[in-house]
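In what follows, a single structure is set out as C-alpha cells and then discussed.
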Amino acid sequence: MNTVEIVPIREEYAEGFNRVLGVVARERRYLSFLDAPSIESTRAFIRDNINSGFPQVVALSDDEVVGWCDVTRKARPVHSHVGILGMGLLPAFRGQGLGIKLIERALTAAKEFGFHRVELSVRADNLNAIALYKKAGFEPEGRLRNGVYVDNVHCDLMLMGILLQSAEGNLS
C-alpha cells in the first residue's frame, strides 16, 4: 500500500472528494444518499466547512483523495454544541487502519472547535463500521427500526454518540 497522508480539506480536493463520495454512495450500503451531489454542491459544502471551521479531513494516496471524515454542526440552535460525523473510504483502502486515523483526527479537531458531542447513524448490519466507531469511543445510544429503505429492503439504523466535553468542561 502506498503511504497515505491525512490532511485538512482544501478546495483543490473538491473533485477527488466528490469522486470518492460518489463511489461510496453508489455502493448503496453506507451513506444516506445514493450518489454524490453535483460538483458545485460539493464545492459549496467544502467552502462552508472551511469558512465555518468545521472539521473535515481527507486521506490522500499519491495526492489523490481516497477517503474523508467530517464533523458538521446540527442545524437547530439548541443543538449547536453537537456535530454529526460523516466518513467514507474507497474499498481498496478499508481494513488498513485508515478509518480510525481519520476519525481520531476529525474528533480532535471537533473538540478544538468546541463541539461537546459528536453523533452518527450507521446501518445496524454494518458490523465493521460499528466496531470502528466503538473503537473510536462512540457508544450505541438507540436504534431506528426500519430507518433506511434501499433497493426494496428495510434496515435498522443504530444511533451512536461520543461526548468530547461535559457541560462543565473537558471529559477525562
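Show the residue pairs meeting these rules: Cβ distance below 7 Å; 6+ apart or different chains; first residue within the stretch 145-164 and on the phi < 0 side of the Ramachandran plot and of a type in the set (Ser, Thr, Tyr); second residue part of a loop (DSSP other than H, G, I, E, B) and surrounded by fewer than 16 Cβ atoms within 10 Å (Cβ to Cβ).
As it stands, the answer is none, since no pair meets every condition given.
(1) hydrophobic (A, V, I, L, M, F, W, C); (2) touching a strand residue (DSSP E or B) at 6+ places or on another chain (Cβ under 6 Å); (3) assigned to a loop (DSSP other than H, G, I, E, B); (4) in contact (Cβ under 8 Å) with a residue 60 or more places away in the chain: which one isn't true of VAL66, the others all being true?
(3)
Please pick out the residue among LEU107, LEU31 that is at pLDDT below 95 and either aliphatic (A, V, I, L, M) or in contact with an Asp or Glu (Cβ under 8 Å, 6 or more places away or on another chain) (or both). Lay out the reasoning, then the answer.
Details: LEU107 fails: at pLDDT below 95.
After ruling out the rest, the residue left standing is LEU31.
Would you mind telling me which numbered condition in (1) in contact with an Asp or Glu (Cβ under 7 Å, 6 or more places away or on another chain); (2) not in a helix (DSSP H, G or I) GLY95 fails?
Here GLY95 clears every test but (1).
Given the structure, is GLU12 in a strand (DSSP E or B) and either on the phi > 0 side of the Ramachandran plot or not basic (Lys, Arg) (or both)?
Numbers: in a strand (DSSP E or B): no; either on the phi > 0 side of the Ramachandran plot or not basic (Lys, Arg) (or both): yes.
For GLU12, the condition - in a strand (DSSP E or B) and either on the phi > 0 side of the Ramachandran plot or not basic (Lys, Arg) (or both) - is not met.
Within the stretch 141-148, does at least one residue satisfy the condition of being among the polar types (S, T, N, Q) and crowded, with 17+ Cβ neighbours inside 10 Å?
no
When you scan the stretch 89-115, how many residues do you find that are surrounded by fewer than 22 Cβ atoms within 10 Å (Cβ to Cβ) and either touching a helix residue (DSSP H, G or I) at 6+ places or on another chain (Cβ under 7 Å) or not hydrophobic (A, V, I, L, M, F, W, C) (or both)? Walk me through how you get there before you give the answer.
Taking the stretch 89-115 as the starting set, the residues that turn out to be surrounded by fewer than 22 Cβ atoms within 10 Å (Cβ to Cβ) are 90-98, 100-101, 104-105, 108-109, 111-114.
Filter again for either touching a helix residue (DSSP H, G or I) at 6+ places or on another chain (Cβ under 7 Å) or not hydrophobic (A, V, I, L, M, F, W, C) (or both), leaving 90-91, 94-97, 100-101, 104-105, 108, 111-112, 114.
Final tally of qualifying residues: 14.
Any residue at all in the stretch 29-47 that is under 30 Å from HIS154 (Cβ atoms), part of a helix (DSSP H, G or I), in contact (Cβ under 8 Å) with a residue 24 or more places away in the chain and among the hydroxyl-bearing types (Ser, Thr, Tyr)? It would help to see each step written out before you state the result.
Kept after step one, since they are under 30 Å from HIS154 (Cβ atoms), are these residues of the stretch 29-47: 29-38, 41-42, 45.
Those still in the list that are part of a helix (DSSP H, G or I) too: 41-42, 45.
Going one step further and asking which of them are in contact (Cβ under 8 Å) with a residue 24 or more places away in the chain, we end up with 42.
Those still in the list that are among the hydroxyl-bearing types (Ser, Thr, Tyr) too: 42.
Taking every residue of the stretch 29-47 in turn, at least one turns out to be under 30 Å from HIS154 (Cβ atoms), part of a helix (DSSP H, G or I), in contact (Cβ under 8 Å) with a residue 24 or more places away in the chain and among the hydroxyl-bearing types (Ser, Thr, Tyr).
Quick check, is SER80 surrounded by fewer than 22 Cβ atoms within 10 Å (Cβ to Cβ), free of Cβ contacts under 8 Å to residues at least 12 places away in the same chain and not aliphatic (A, V, I, L, M)?
Working: surrounded by fewer than 22 Cβ atoms within 10 Å (Cβ to Cβ): yes; free of Cβ contacts under 8 Å to residues at least 12 places away in the same chain: yes; not aliphatic (A, V, I, L, M): yes.
Yes.
Got a sec? Which of VAL150, VAL78 is over 20 Å from LEU21 (Cβ atoms), β-branched (Val, Ile, Thr) and over 11 Å from the mean Cα position of the chain (by Cα)? Spell out how you get there, then give the answer.
Working: VAL150 fails: over 20 Å from LEU21 (Cβ atoms).
Selected residue: VAL78, the only one of VAL150, VAL78 that is over 20 Å from LEU21 (Cβ atoms), β-branched (Val, Ile, Thr) and over 11 Å from the mean Cα position of the chain (by Cα).
Of the conditions (1) buried (at least 20 other Cβ atoms within 10 Å of the Cβ); (2) in contact with a His (Cβ under 9 Å, 6 or more places away or on another chain); (3) among the charged types (D, E, K, R), ASP70 clears all except one; give me its number.
Of (1) buried (at least 20 other Cβ atoms within 10 Å of the Cβ); (2) in contact with a His (Cβ under 9 Å, 6 or more places away or on another chain); (3) among the charged types (D, E, K, R), only one is false for ASP70: (2).
The values are calculated or read from the model by the stated rules, or taken from the named source; none is laboratory data. Owing to the predicted nature of the structure, the values given are computational and were not obtained by experimental measurement. As a convention, Cβ positions derive from the backbone with ideal geometry for all residues, glycine included, and neighbour counts pool all protein chains shown.
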